[in-house]
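The values are calculated or read from the model by the stated rules, or taken from the named source; none is laboratory data. As the structure is a prediction and not an experimental result, all values here were calculated from the model. All Cβ positions, even for glycine, are placed from backbone atoms using ideal geometry, and neighbour counts span all protein chains on display. The protein model used for the area step is the full one, side chains on, heavy atoms only, and it has no ligands, DNA or RNA in it. Shrake-Rupley method; radii C 1.70, N 1.55, O 1.52, S 1.80 Å.
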Amino acid sequence: MDAKQSIREHLWDLLEREGVARFPGARGRIPNFIGAEEAARQLATMDEWTKARVLKANPDSPQLPVRAQALAEGKVLYMAVPRLRNPKPFLLLDPTTARPSPRKAASIRGATRLGRPVAISAMRRIDLVVCGSVAVNRKGARIGKGGGFSDLEFALLNEAGLVDETTAVAPTVHPLQVMDEELPETRHDFRVDLIVMPEEVIRTARKSRRRPPGIIWSDLDEDKISEVPVLEALARRRRT
């Protein structure tokens, strides 16, 4: 078991043992947690949120309240298509189509029904990225659930000039997910700016490490490239 997976297993066990994991459970996923709604409300008080008009958010259960809040406030919301398996790899959720129930529209089922698949070239610049995390530390390092898609989404958006070094990134997490120790990082990992919990927000020291400038092709094998249509198209272009 590698170091990242060991930390995931530790956090999943801890959240379940302490009784703070909610349906559908912690293990194997971005863990849903008691207090997710309060964390969403905390995020909505931050300047980064207030100034943002366009958000990109992960589709996991603990960030559903964040997505619903964004639509309720009239913000444009992008969600990734699961595993980026569509040539148009993001869903655009227009807040005008989310009425009368932003929460239903922000669910995976609602987004699939109401969201419009869009190519990266048709997307607007993103003001705030809300990402799911299994673990984070005070320097802004994060560990996801292990698929690598969050890093890949950020890299694709970076390549397109839709996010950059100045784009605010924030996960909403339970306090037990915040670790004091160093977390293992690879070249394609990005750090976060804010760690948002139900009763506290931490501003991280993430600027001590620059974010990846885009896709690191040497970190991708042919199977991963062929699995993601937009990556496969970019790879073809690079070869010509």
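Quick look at the values:
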read-out: Rg over Rh [alpha-carbon atoms, Kirkwood Rh] for segment 1-52; value: 1.13
read-out: Karplus (6.51, -1.76, 1.60) ³J(HN,Hα), θ = phi - 60°, over segment 161-168, in Hz, Gly and Pro reported as x; value: x, 8, 9, 7, 4, 8, 5, 6
read-out: Cα-based Kirkwood hydrodynamic radius, segment 36-179, one decimal, Å; value: 15.1
read-out: Equivalent ellipsoid semi-axes - Cα gyration tensor, segment 125-240, angstrom; value: 27, 14, 12
read-out: Computed P(r) (all Cα pairs; the chain; 10 Å bins; percent); value: 8, 33, 39, 18, 2, 0
read-out: Reachable aspartates and glutamates, given that their alpha-carbon falls under 20 Å from the alpha-carbon of residue 104 and they are not under 8 places away in the same chain; value: 37, 38, 60, 73, 94
read-out: Neighbour net charge for residue 61 - beta-carbon separation under 9 angstrom, K R +1, D E -1; value: +1
read-out: Additional length obtainable on full extension of the chain from residue 210 to residue 6, 0.36 nm per residue less Cα span; value: 70.9 nm
read-out: Listed residue (157, 197, 108) projecting farthest to the positive dipole end of segment 88-214, Cβ model; value: 108
read-out: Share antiparallel - DSSP beta bridges, segment 134-219, percent rounded to 5; value: 60
read-out: Segment 1-139 - percent of accessible surface contributed by carbon and sulfur, probe 1.4 Å; value: 51
read-out: Net lengthening on full extension, residue 180/residue 226 (0.36 nm per residue, minus Cα-Cα); value: 12.8 nm
read-out: Reach of residue 207 by Cα under 25 Å, taken over lysines that are not fewer than 8 positions away in the same chain; value: 4, 51, 56, 139, 145
read-out: Within the chain: Cβ-based charge dipole about Cα centre, in debye rounded to nearest 20 (Lys, Arg +1; Asp, Glu -1); value: 940
read-out: Selection from 7, 230, 134 lying farthest towards where the dipole of the chain points positive, charges on Cβ; value: 230
read-out: q = 0.18, 0.24, 0.25, 0.26 Å⁻¹, segment 19-90: log10 I(q)/I(0) [Debye, one scatterer per Cα]; value: -0.78, -1.10, -1.13, -1.16
read-out: Dipole magnitude (debye, nearest 20) for segment 4-67, charges at Cβ of Lys, Arg, Asp, Glu; value: 280
read-out: Near-label residues of segment 203-227 by backbone N, under 16 Å of a point 7 Å along Cα→Cβ of residue 236; value: 225-227
read-out: Accessible area of residue 51 in the full protein assembly, 1.4 Å probe (Å², nearest 10); value: 150
read-out: Computed accessible area, residue 159, all protein chains, 1.4 angstrom probe, square angstrom; value: 100
read-out: Accessible area expressed per residue, the chain, with surrounding protein chains retained (probe 1.4 Å, Å²); value: 47
read-out: Selection from 61, 46, 35, by position along the positive dipole direction of segment 1-119 (Cβ); value: 61
read-out: Antiparallel content of DSSP bridges confined to the chain, in %, to 5; value: 50
read-out: At least 27 Å along the helix axis (C-alpha) and Kyte average at least -1.0, DSSP helices within the chain; value: none
read-out: Surface accessible to a 1.4 Å probe, residue 10 within the full protein complex, Å²; value: 90
